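We did not get these values from a lab; they are worked out from the coordinates using the rules stated. Everything numeric in this text was worked out from a predicted model, so none of it was measured. Because the Cβ atoms are built from the backbone with ideal geometry, glycine has one as well, and the counts that use them run over all protein chains shown.
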Amino acid sequence: MPRLARWFIKAGLLYFVIALATGVLYQARTEIDLPTWVSTLNPVYVHLLAVGWITQLIIGVAYWMFPKFSKEQPRGSETLGWATFILLNAGLILRIISEPRVTLRAEPDLGWLLAVSAVLQTAAGWLFVINTWSRVKER
Amino acid sequence: MPRLSIWTIRAALLYFGFGFTFGGLMLYNKGVPVDPSAWRLLPVHIEFVLIGWTVQLAMGVAFWILPRLRREDRYGNVRAAWIAFALLNGGVLAVTAGAWFDNLAPLVLVGRGAEMAGVVAFAIHIWPRVKAFGG
């Protein structure tokens, strides 16, 4: 398994655990007294699971197992692959940090962090599409 | 990779790119409000990333990678799989149109029905291929 695939899948596993812990915390607020920001965690929980875990697992396995691009570059552009990894994770981490605070309107100045997070994740998504497109072929 | 998988996985990649873009637009708008109507993208975002991307990718990879039959038509009932591809994508686009245009709202139900029929067609196709390799 190539190094980048291992990074995607291991990062995905970490997000998987963090996502489920977030889900427990979000649900626990109905039973015990927790800080107000816990009530804002639902979108973070969903995206930790959908982007952090499922999407990164898919990207990692696709990078590893899809048909080879060429003999010289079997997995397409490694640079684009790493750029996808860095942008996606940076974007997701920015979201985790800023979204609860922005939702609570406690720190609206952090709104620009959410905007940057959106741009980074969107860019990562299209870089993955571009790098994978040519590997979806007969052989 | 067989032709149907190429079409299915490339269609899934497009839904992924646009699904991420719509999600990004909503997230950007949440941080730096530009246009409140950006939230109308939510059902389209969910439809694209859940059905268009995740479900369709799984179908395309399954068609490619599951055991083949020991016959001339190694992939089995390929027509059913193509019908599944057409119905699923028609369904996603119908749901999207119905969710976006108020006067087309009934298309959401039509689209969901098409998606369900597509999944039935795919199950009919793939059922005999869920077996031991060489069996």
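Things to note:
- Across chain A, the relative contact order, built from alpha-carbon pairs under 8 Å that are at least six residues apart, equals 28 percent.
- Summed residue charge, Cβ within 12 Å of B:Leu88's Cβ, Lys/Arg positive, Asp/Glu negative: -1
- Neighbour net charge for B:Phe63 - beta-carbon separation under 14 angstrom, K R +1, D E -1: +4
- Remark: relative contact order (chain B) = 26 percent; criterion is Cα-Cα distance under 8 angstrom and separation of 6 or more residues.
- Chain A: calculated mean residue ellipticity at 222 nm from DSSP helix runs of at least 4, using -39500 (n - 2.57): -22000 deg cm²/dmol
- Here the residues B:Leu87, A:Leu49, ranked from fewest to most Cβ neighbours within 10 Å of their Cβ, fall in the order A:Leu49, B:Leu87.
- Hits among lysines - C-alpha to C-alpha of A:Lys68 under 29 Å, sequence gap 8 or more where chains match: A:Lys10, A:Lys137, B:Lys131
- Averaged over peptide A:112-124, the number of partner chain Cβ atoms lying within 10 Å of each residue's Cβ comes to 5.
- Pairwise label distance in nanometres, A:Trp112 with B:Val34, each label 7 Å out on the Cα-Cβ vector: 1.6
- Environment charge of B:Arg40, counting only residues whose C-beta is closer than 15 Å and scoring Lys/Arg +1, Asp/Glu -1: -2
- Screening chain B for whole DSSP H helices of 18 Å or more along their axis (Cα) with average Kyte-Doolittle hydropathy at least -1.0 returns B:3-31, B:78-100, B:107-126.
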